[in-house]
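S.K.: Next up is a structure, given as structure tokens.
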Amino acid sequence: MSGGVDSSLACALLATEGFQVFGITMRIPVESRQALDAIEDAKKVCDQIGVPHYCVDLTCEFEKEVVSPFVQAYSLGITPNPCVICNPRVKFGHLLQKSLELGADYLATGHYARAGRVNSKTKEFVENHEFAVANKDQSVEGLSNLLSSRTYLCRGKDKDRDQSYVLYGLDQNMLGRAIFPLGGLTKKVVREMAGDIGLDVAEKPESQEICSIAQKNYKDFLSQKRVSPPPGLIVDTSGRVLGRHSGITNYTVGQRKGLGIQSSQPLYVIRIDAEENTLVVGTREEAYASGCYIHRLNFIMVDQPDSPVTGTCMVRYRGREVEATLYPGSFLAGKAEKMKEGASRGCGLGCDESDLAFVEFSTPLFAVTPGQSLVFYQGSYVYGGGTILKTVYGCPLDTSGR
């Protein structure tokens, strides 16, 4: 619980449905009064609902699992999403484990998403908390025998609030233990319901993240971590020197403002070359990508695809969604030697075929950024995703294997 209206209503709804509930808040590196108040607000809500509240110290775990990788990535010219890192490693990693140790069967959050299984007979999606209630009341005899063994992740009903993107990294064990009571609600309804039951936080403004990374400008955060890379060259896509940058951590792919160079047309960051300490810039047209390689894969609908998959994808949180085709590493190796060679060259971090895929976009996307996540969907279901490793510009690669 973060002390905001979302996690507070999630707690209240489950208590109303008859679950034995306790609130749990993780203490992580904080440097603001707001973050400390959030923990106190969570405790007050639990007191109001009449359930226990625990605060667990995950400071060291958060530093190791989120802060250190975040800082290291920026130092390498990569732009990570700390929430995508935190959810599987900390919230549904260490915090879930603490919850189980305290006697919980599930970990519920205020995310706008849905986790559950499919009824093989009716093909209906049964959310985890619906199954838990039915199982507890024995209202649906034999329901568990009809449900898929695999747990799925689906978009939240509120398209403007959907948070399935930042949850794609959850594995089957995590998803099987996850409950998202707000997945079928809109933010407006959440506030109304919180007000109807008298929660003190019903009209609380959007919570300022208790995460110390999300609280402030990332440049200030990196500066506090004493990350200060040296200045270097700014070049265009032909290699012509246009000026000098102030350190690669001050830039991200797609950035236009603050480059400090003169040009007859707007220029954007196309690529950050940490090894050469160089910033590559180009026109807006040059910043559009036809596809990208992804690694650190996590698939939800299958264990591992072995042939091309069609669907849609997003390359940043709440970004533009386009139709796309995902080519798994095994397919690249066995069917498209040309792409396999390209994949090998692109895989500078040593990942193998089983942890590599190429995604081709039906429509070019702007500012596809290494370090961000590509999340692949099939309808309302999250198929899986991975971290963007290398962006491909220009014409799509030949995926026919000819």
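S.K.: Given all pairs of different Cα atoms, what value in angstroms does the Kirkwood hydrodynamic radius of the chain take?
M.R.: Working: mean 1/r = 0.0439 Å⁻¹.
After inverting the mean inverse Cα-Cα distance, the result is 22.8 Å.
S.K.: For a quick check: with amide H placed at 1.01 Å from N, whose amide H comes under 5 Å from I179's, ignoring anything fewer than 5 positions away on the same chain?
M.R.: When sequence neighbours closer than 5 places are left aside, the close amide H contacts are L107, A108, T109.
S.K.: Neighbour counts of other C-beta atoms within 10 Å: give me I234, I294 arranged from fewest to most.
M.R.: Sorted ascending by nearby Cβ count, the order is I234, I294.
S.K.: I want to check the label-to-label distance for T186 and L233. Put each point 7 Å from Cα in the C-beta direction and report it in nm to one decimal.
M.R.: With each label point 7 Å from Cα toward Cβ, the separation is 5.5 nm.
S.K.: Going 7 Å from the Cα of D273 in the Cα-to-Cβ direction, what parts of region 365-396 have a backbone nitrogen less than 19 Å from that spot?
M.R.: 368-371, 389-394
S.K.: By the scheme Lys and Arg +1, Asp and Glu -1, what is the net charge of all other residues having a beta-carbon under 13 Å from that of T79? It would help to have the intermediate numbers written out before the result.
M.R.: Numbers: positive: K219, R271, R316; negative: none.
Surrounding charge for T79 is +3.
S.K.: Long-range amide H contacts for L185: which residues qualify at under 5 Å (H placed 1.01 Å from N, peptide plane, sequence gap of 5 or more or a different chain)?
M.R.: Result for L185 returns K157, D158.
S.K.: Turning to a different aspect of this structure: For a footprinting-style exposure proxy, rank K204, K390, K121 by other Cβ within 10 Å, fewest first. Could you put the intermediate results ahead of the total?
M.R.: Details: K204 17, K390 22, K121 10.
The most exposed by this proxy come first: K121, K204, K390.
S.K.: Can you give the charge dipole size of the chain about its Cα centre, rounded to the nearest 20 debye, using +1 on the beta carbon of Lys and Arg and -1 on the beta carbon of Asp and Glu?
M.R.: 820 debye
S.K.: Per-residue HN-Hα couplings for region 307-316, Karplus 6.51 cos²θ - 1.76 cosθ + 1.60 at θ = phi - 60°, whole Hz, x for Gly and Pro?
M.R.: 8, x, 10, 9, x, 10, 8, 10, 10, 7
S.K.: What distance in nm separates the two pseudo spin-label positions at S148 and D57, each 7 Å out from Cα along the beta-carbon direction?
M.R.: Spacing of the two 7 Å Cα→Cβ label points: 4.2 nm.
S.K.: Further question: Per-residue HN-Hα couplings for region 169-186, Karplus 6.51 cos²θ - 1.76 cosθ + 1.60 at θ = phi - 60°, whole Hz, x for Gly and Pro?
M.R.: Along region 169-186, the couplings run x, 6, 8, 4, 5, 5, 5, x, 9, 8, 10, 10, x, 8, x, x, 10, 9 Hz.
S.K.: Where does the chain land at 222 nm, in deg cm²/dmol rounded to the nearest 500, when only DSSP H runs of n ≥ 4 count, each adding -39500 (n - 2.57), divided by all residues?
M.R.: On the way: 14 runs with 109 residues, N = 402.
Value at 222 nm, helices only: -7000 deg cm²/dmol.
S.K.: Looking at region 5-215 only, what percent of DSSP beta bridges run antiparallel? Nearest 5 please.
M.R.: Close to 55 percent.
S.K.: Now a separate question. Based on a Kirkwood Rh over C-alpha pairs, give the Stokes-Einstein translational diffusion coefficient of region 1-141 at 10 °C and viscosity 1.306 mPa s in µm²/s.
M.R.: 94 µm²/s
S.K.: Next question. At what distance in nm do the modelled label points of E206 and S68 sit from each other, each positioned 7 Å from its Cα along Cα→Cβ?
M.R.: Distance between the two pseudo-spin positions: 3.3 nm.
S.K.: Determine the gain in length on full extension of the stretch T122-R318; use 0.36 nm per residue of separation and subtract their C-alpha separation, reporting nm with one decimal.
M.R.: Result for the pair: 67.4 nm of gain on full extension.
Since every read-out is calculated from the coordinates, none of them should be taken as a lab result. This structure is a prediction, so every number in the text was calculated from the model and none was measured. Glycine gets a Cβ as well: all are built from the backbone with ideal geometry, and neighbour counts include every protein chain shown.
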